[in-house]
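Shown next, in structure tokens, is the structure this report addresses.
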Amino acid sequence: MKISFPVRPALKKPKQIERTRLSTIIKITFSLRHLICLTAFAMAGVVGPLRAGQYFQDFSAFPPGATNFADGSQLFSTSLGSVAAVQDSTYHELQLTETGVSSVTSAFLLPDLDPNTPIYAFSVKWNADVSGSFPNAADGFSFNFGQLDSSNLTTGTVESGYPTGLCFSVQTYVGNNPGFYVRTNGVVAATLTNNPAAQWQTNSSTRHFFEVDWFAQTGLTVRLDGQTLFTNVPTTGFVPQAGRPLRRLDRGTAAGQSRRRHWRQSDPGRWQRSLL
């Protein structure tokens, strides 16, 4: 499975980690046209003004093979520099996993945009290329928001997120309940199942636009290509705290033939994070 992003769904998907399976891996790539834009809102005071930290990246300034973007972000991977790196001299997309390369897990971690300030809302947008020999491609990817600095970002079933924080998960493997999920501290809060072959097509080059918005009082809303997947899903149990970075995680498993390269997408997208 190939996953690429233009930073992006990054979108922290980031939100993916890998296990060995007899299936095609999905490739996810972030591209120049698919930037990642994150805005996080922090409450400056009960009556004080709102503050918003922002992150934007489209990788257009970096050559193929680049893994360091000098903006506070960090790229982690079990195949750093070869699979997980900027790809394509024209589109400059950040690739996290690649079709045909098995057992690769990668994570793109954004910097803390509002140090020492609790985050009560955020908005993140990214474009991604999700391509593989569906229905057998695996495993998926996830976008995560939480205090995960001490976590090993490339270990475990990261396509399903982490046991701490908020997570929007995209599971693509037919043997692992494929579909879209919202999780809070590892507990499923909402589910929308799908048929991977119908949802993503087979070896498609189509880029998809992801939008994830969260407000502590109303919950989490997710849209894909302008269509609403989840609306105001309650995130009970998640308590806003300072120092909650966003992560985009991807995982692909087993060798396959389909080929693709966009971080998880090629149109410009960007990650934004805002504080209320």
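Sub-9 Å Cβ pairs linking a first residue in region 113-134 that is surrounded by fewer than 24 Cβ atoms within 10 Å (Cβ to Cβ) to a second residue that is part of a strand (DSSP E or B) and polar (S, T, N, Q), at least 6 apart or interchain, are Asp114/Ser274; Ala121/Thr39; Ala121/Ser274; Ser123/Thr39; Ser123/Gln272; Ser123/Ser274; Ser133/Thr24, ordered by first then second residue. Every test in (1) modelled with pLDDT of 95 or more; (2) under 24 Å from Phe59 (Cβ atoms) is passed by Thr206 save one, and that test is (1). Of all residues in region 150-168, none are over 25 Å from Ala52 (Cβ atoms), at pLDDT 90 or above and assigned to a strand (DSSP E or B). If the condition is being closer than 17 Å to Val130 by Cα, at pLDDT 95 or above and in contact with a Gly (Cβ under 6 Å, 6 or more places away or on another chain), then region 172-203 contributes Thr193, Asn194. Looking only at residues in region 199-224 that are of a type in the set (A, V, I, L, M) and touching a Pro at 6+ places or on another chain (Cβ under 9 Å), the one that is surrounded by the fewest Cβ atoms within 10 Å (Cβ to Cβ) is Ala216.
Put simply, of Asn203, Asn176 the only residue that is part of a loop (DSSP other than H, G, I, E, B) and on the phi > 0 side of the Ramachandran plot is Asn203. Residues that are in a loop (DSSP other than H, G, I, E, B) and surrounded by 13 or more Cβ atoms within 10 Å (Cβ to Cβ) were ranked within region 225-243; the one that is modelled with the lowest pLDDT is Gly243.
Within region 77-92, the set of residues being modelled with pLDDT under 90 and within 18 Å of the chain's Cα centre (by Cα) comprises just one member, His92. Could you go through region 92-110 and let me know if any residue there is within 23 Å of Phe230 (Cα to Cα) and either assigned to a loop (DSSP other than H, G, I, E, B) or charged (D, E, K, R) (or both). No: zero hits.
The values are calculated or read from the model by the stated rules, or taken from the named source; none is laboratory data. Here the structure is a predicted model, which means the values were calculated and not measured. Counting neighbours? That spans all protein chains shown, and the Cβs are built from the backbone with ideal geometry, glycine included.
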